[in-house]
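Data first, discussion second: the structure below is written as structure tokens.
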Amino acid sequence: MPNAALGGEKDVNEGLRHGAILGSLSTLSALVEARNLSLAAFELHQSLEQAYATLLLVLTNYSPASHDLKFLRGLAEEQHRELAEIWPRDQQRFTAWFNILNEAYVKARYSRHYEITEEALVWLLGRTEVLINLVDKACHTYLETLKSRTEDPAISDE
């Protein structure tokens, strides 16, 4: 199994770097500045979804076909506990903002009534940057561990 999982580095690179998540965050900032808040919310949703999917694919070799950020967040946090610290649950405002972002996949594109504030988007964008960096680190650490196990016969025989 470790040898098969080593192909995960390509998944990480495509999911986080070549998939342009990190680069798209600056585009999101520009959308917020241009007051195109619904499109910014949708794109931010996509960035978060991709980050969670990348982590799950690398750590479990499975990523569910879901756009529900709460569901993906729960699965990802089970795999890497540090992710739970990204989204504070002790303040109703932050929980509400995450829930509004979760709705963005459909409502930001198709509903005239979808609303999100600039303040919420700026905060969500900042938390997303932290999450993406943590996902990147977690995936690469995991893959390095697998790689060292396959290169060291004493470890891989265990």
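The values are calculated or read from the model by the stated rules, or taken from the named source; none is laboratory data. Every value quoted in this text rests on a predicted model; they were computed, and no experiment measured them. Every residue, glycine among them, receives a Cβ derived from its backbone with ideal geometry; neighbour counts consider all protein chains shown.
Check ALA84 against each of (1) without any contact (Cβ under 8 Å) to a residue 24 or more places away in the chain; (2) not in a helix (DSSP H, G or I) and name the one condition it does not meet.
(2)
Could you tell me whether ARG112 is surrounded by fewer than 12 Cβ atoms within 10 Å (Cβ to Cβ), more than 19 Å from ALA41 (Cβ to Cβ) and at pLDDT below 95? It would help to see each step written out before you state the result.
Values: surrounded by fewer than 12 Cβ atoms within 10 Å (Cβ to Cβ): yes; more than 19 Å from ALA41 (Cβ to Cβ): no; at pLDDT below 95: yes.
No.
Run GLY126 past the list (1) under 16 Å from the mean Cα position of the chain (by Cα); (2) buried (at least 19 other Cβ atoms within 10 Å of the Cβ); (3) closer than 15 Å to LEU28 by Cβ and report the number of the one that doesn't hold.
With (1) under 16 Å from the mean Cα position of the chain (by Cα); (2) buried (at least 19 other Cβ atoms within 10 Å of the Cβ); (3) closer than 15 Å to LEU28 by Cβ applied to GLY126, the lone miss is (2).
Filter the range 33-51 down to residues that are in contact with a Phe, Trp or Tyr (Cβ under 9 Å, 6 or more places away or on another chain) and not hydrophobic (A, V, I, L, M, F, W, C) and give me whichever is surrounded by the most Cβ atoms within 10 Å (Cβ to Cβ).
Within the range 33-51, the match that is surrounded by the most Cβ atoms within 10 Å (Cβ to Cβ) is HIS45.
Is one or more of the residues making up the range 35-42 over 22 Å from HIS140 (Cβ atoms), at pLDDT 90 or above and not aliphatic (A, V, I, L, M)? If you could, list the steps in order and put the result at the bottom.
Step one: list which residues in the range 35-42 are over 22 Å from HIS140 (Cβ atoms), which gives 35-42.
Those left that are additionally at pLDDT 90 or above: 37-42.
Those still in the list that are not aliphatic (A, V, I, L, M) too: 38, 42.
Looking through the range 35-42, at least one residue is over 22 Å from HIS140 (Cβ atoms), at pLDDT 90 or above and not aliphatic (A, V, I, L, M).
Would you say TYR142 is of a type outside the set (Gly, Ala, Ser), in contact (Cβ under 8 Å) with a residue 12 or more places away in the chain, within 20 Å of ALA30 (Cα to Cα) and crowded, with 16+ Cβ neighbours inside 10 Å?
On the way: of a type outside the set (Gly, Ala, Ser): yes; in contact (Cβ under 8 Å) with a residue 12 or more places away in the chain: yes; within 20 Å of ALA30 (Cα to Cα): no; crowded, with 16+ Cβ neighbours inside 10 Å: yes.
For TYR142, the condition - of a type outside the set (Gly, Ala, Ser), in contact (Cβ under 8 Å) with a residue 12 or more places away in the chain, within 20 Å of ALA30 (Cα to Cα) and crowded, with 16+ Cβ neighbours inside 10 Å - is not met.
Yes or no: GLY23 at pLDDT below 80, within 12 Å of the chain's Cα centre (by Cα) and assigned to a helix (DSSP H, G or I)? Write out each step before concluding.
Details: at pLDDT below 80: yes; within 12 Å of the chain's Cα centre (by Cα): no; assigned to a helix (DSSP H, G or I): yes.
Spelling it out, it is not the case that GLY23 is at pLDDT below 80, within 12 Å of the chain's Cα centre (by Cα) and assigned to a helix (DSSP H, G or I).
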